[in-house]
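Heads up, the thing below is written out as structure tokens.
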Amino acid sequence: MDDPRNRQYTNGDITVFWIPSKCIHATTCFRELIEVFNPGRRPWVNMDGAPTRKIMEVVNKCPTQALIWKNNQDLTEEELKAQRHVGPKEETPRTLSAPKETTSIRIMRDGPIVVEGKFTIIGSDDQELKPSTMTSFCRCGSSRNMPYCDGMHRKIDFTDQSTGNGE
């Protein structure tokens, strides 16, 4: 976790990592599990707010991987020392799902285009831009990190102009 803004939170079994530079504020985390992910609180992640399995399910829904989780058994010594919170233990699955073999493209309501799977992004200079298995592309035109989303759509109140059904 090189960026000093990155955070780690643990309940003893898993550690949730938050990488703010990837966060586009899709709100999936707190809409699905406000007991754990509450942006109105500090710290905003309460690992005691729900069972470990539920936390893992919600973190897995993060469209940009700004939230990820890791089993504490798999953490390095350095990562274990950097943990910010320790809570009660609970039985957890020990494996992550395999990477997607297909590529999916999802248009987020009033937000970016999220691409997930196996893909390569090639810039106008024919160079690979950003190796990743998931990224979000700006649709509002206001990103300061084009072509990627940086969350500006929320600041400018971007709204979809389409009906979402191809019309």
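Values in this text are rule-based calculations from the coordinates and carry no lab data. Every value quoted in this text rests on a predicted model; they were computed, and no experiment measured them. Positions of Cβ are backbone-derived with ideal geometry, glycine not excepted, and every protein chain shown enters the neighbour counts.
Which of rounded, prolate, oblate describes segment 98-167, given a ≥ b ≥ c as roots of the alpha-carbon gyration tensor eigenvalues and a/c under 1.5 marking rounded, otherwise prolate only if a/b is larger than b/c? Judged from the Cα gyration tensor, segment 98-167 comes out oblate (a/c at least 1.5, b/c at or above a/b).
If you wrap segment 7-81 in the convex hull of its Cα atoms and look at it from every side, the mean projected area works out to 4.8 nm².
Efficiency by 1/(1 + (r/R0)^6): what FRET value for Arg109 and Asn60, r their Cβ-Cβ distance, R0 = 22 Å, to the nearest 0.05? The formula returns an efficiency of 0.65 here. Sorting Lys130, Lys61, Lys70, Lys22 by the number of Cβ atoms found within 10 Å of their own Cβ, with the fewest placed first, yields Lys130, Lys61, Lys70, Lys22.
By the beta-carbon count within 10 Å of each Cβ, the least crowded to most crowded order of Leu33, Leu67, Leu129, fewest first, is Leu129, Leu33, Leu67. A full extension of the chain between Ile121 and Arg31 corresponds to an added length of 29.3 nm, given 0.36 nm per residue minus the alpha carbon distance. In plain terms, the residue of His153, His25 with the fewest other Cβ atoms within 10 Å comes first and the most crowded comes last, giving His25, His153.
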